[in-house]
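Note sheet for the following structure.
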Number of protein chains: 2
Amino acid sequence: MPELAEELRFDDQGLIPAVVQDAANGDVLMVAWMNQEAVQRTLESGRTWFWSRSRKELWRKGDTSGNVQHVHEVRFDCDGDTLLVKVTQEGAACHTGERTCFYRAMEAS
Amino acid sequence: MPELAEELRFDDQGLIPAVVQDAANGDVLMVAWMNQEAVQRTLESGRTWFWSRSRKELWRKGDTSGNVQHVHEVRFDCDGDTLLVKVTQEGAACHTGERTCFYRAMEAS
């Protein structure tokens, strides 16, 4: 584990949110959760690993869908409680088939 | 409150994470938390409102620092548990004075 990982602050469930951004065009693709093991595997393998809160297991993006994310860079914020992962996205990031999970906009009231 | 807000899923503390992105260049500036009131005020006012988990109060970005965020758009993800807020950022987004909170990168081990 890199030394900088000591600066990360996981929540009381041992998780940290990871914002996944398309390295090519800057689109925010998805937000998912990592535990320490997922961070370590992501850094070591260059593929994104997450913790599924519903299934309570580690998963590697693309293993089921084929929509692999290749990691360019992992950044962390000023207070160490959020990650920003820049990737090359193969195919769609969203399970709906949309390129990004943020395909809907709210309207001001 | 817009109808679409019914599609939002707040966590068991009534909060939803909001990724704030620079509308001009796509940089991810910060991630903070909103409750329903913060979402409503953000949509109505065109300024970003958040819930401070440490101070347990609503705050409007820029009121203390002057670093105001003007909202272009609020998007939400496929499962409705994360927001993406595109803004014009005045000055720095980060309390450290950096333009973005994600000014540090982790290195692969």
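The values are calculated or read from the model by the stated rules, or taken from the named source; none is laboratory data. What you see is a predicted model; the values in this text were computed from it and never measured. In this analysis, Cβ positions are derived from the backbone assuming ideal geometry, glycine residues included, and neighbour counts consider all displayed protein chains. SASA here: full protein model, heavy atoms, side chains in, ligands and nucleic acids out. Shrake-Rupley method; radii C 1.70, N 1.55, O 1.52, S 1.80 Å.
Give me a count of the residues in segment B:69-86 that are part of a loop (DSSP other than H, G, I, E, B) and not acidic (Asp, Glu). Talk me through it step by step, then tell me what you get.
Going through segment B:69-86, the residues part of a loop (DSSP other than H, G, I, E, B) turn out to be B:77-82.
Within this subset, residues satisfying the condition of being not acidic (Asp, Glu) are B:78, B:80, B:82.
Of the residues in that region, 3 qualify.
Working only within segment A:77-93, note down all residues that are within 14 Å of another protein chain (Cβ to nearest Cβ) and under 12 Å from the mean Cα position of the chain (by Cα).
Step one: filter segment A:77-93 for residues within 14 Å of another protein chain (Cβ to nearest Cβ), giving A:77-87, A:92-93.
Those that are within 14 Å of another protein chain (Cβ to nearest Cβ) and under 12 Å from the mean Cα position of the chain (by Cα): A:Thr82, A:Leu83, A:Leu84, A:Val85, A:Lys86, A:Val87, A:Ala93.
Would you pick out the residues in segment B:32-60 that are open to solvent by 80 Å² or more (accessible area, probe 1.4 Å) and either in contact with a Ser or Thr (Cβ under 8 Å, 6 or more places away or on another chain) or under 16 Å from B:Val74 (Cβ atoms) (or both)?
B:Gln36, B:Glu44
On the given criteria, is A:Thr64 open to solvent by 70 Å² or more (accessible area, probe 1.4 Å), of a type in the set (Ser, Thr, Tyr) and away from chain B (no Cβ under 13 Å)?
Details: open to solvent by 70 Å² or more (accessible area, probe 1.4 Å): yes; of a type in the set (Ser, Thr, Tyr): yes; away from chain B (no Cβ under 13 Å): yes.
Here the answer is yes, as A:Thr64 does meet what is asked.
This table checks each residue for (1) without any contact (Cβ under 8 Å) to a residue 60 or more places away in the chain; (2) among the β-branched types (Val, Ile, Thr); (3) touching a helix residue (DSSP H, G or I) at 6+ places or on another chain (Cβ under 8 Å).
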| residue | (1), (2), (3) |
| --- | --- |
| B:Leu8 | no, no, yes |
| B:Asp12 | yes, no, no |
| B:Asp22 | no, no, no |
| B:Gly26 | yes, no, no |
| B:Ala38 | yes, no, no |
| B:Thr48 | yes, yes, yes |
| B:Ser52 | yes, no, no |
| B:Arg60 | yes, no, yes |
| B:Gln69 | yes, no, no |
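With respect to B:Phe76, is the statement that it is among the hydrophobic types (A, V, I, L, M, F, W, C) and either open to solvent by 80 Å² or more (accessible area, probe 1.4 Å) or farther than 19 Å from B:Arg99 by Cα (or both) true?
Details: among the hydrophobic types (A, V, I, L, M, F, W, C): yes; either open to solvent by 80 Å² or more (accessible area, probe 1.4 Å) or farther than 19 Å from B:Arg99 by Cα (or both): yes.
Yes: the conditions hold for B:Phe76.
Just for segment B:94-107: of the residues that are facing chain A (nearest Cβ under 8 Å) and crowded, with 20+ Cβ neighbours inside 10 Å, which one is farthest from the chain's Cα centre (by Cα)?
B:Met106
Restricting segment A:42-71 to residues that are farther than 16 Å from A:Gln89 by Cα and of a type in the set (Ser, Thr, Tyr), which is modelled with the lowest pLDDT? Please lay out each step first, then the result.
So in segment A:42-71, the residues farther than 16 Å from A:Gln89 by Cα come out as A:43-44, A:51-59.
Within this subset, residues satisfying the condition of being of a type in the set (Ser, Thr, Tyr) are A:52, A:54.
On the way: A:Ser52: 96, A:Ser54: 93.
The selected residue is A:Ser54.
Restricted to segment A:1-31, and to residues that are more than 10 Å from chain B (Cβ to nearest Cβ) and open to solvent by 80 Å² or more (accessible area, probe 1.4 Å), which residue is modelled with the lowest pLDDT?
By that ranking, first place goes to A:Glu6.
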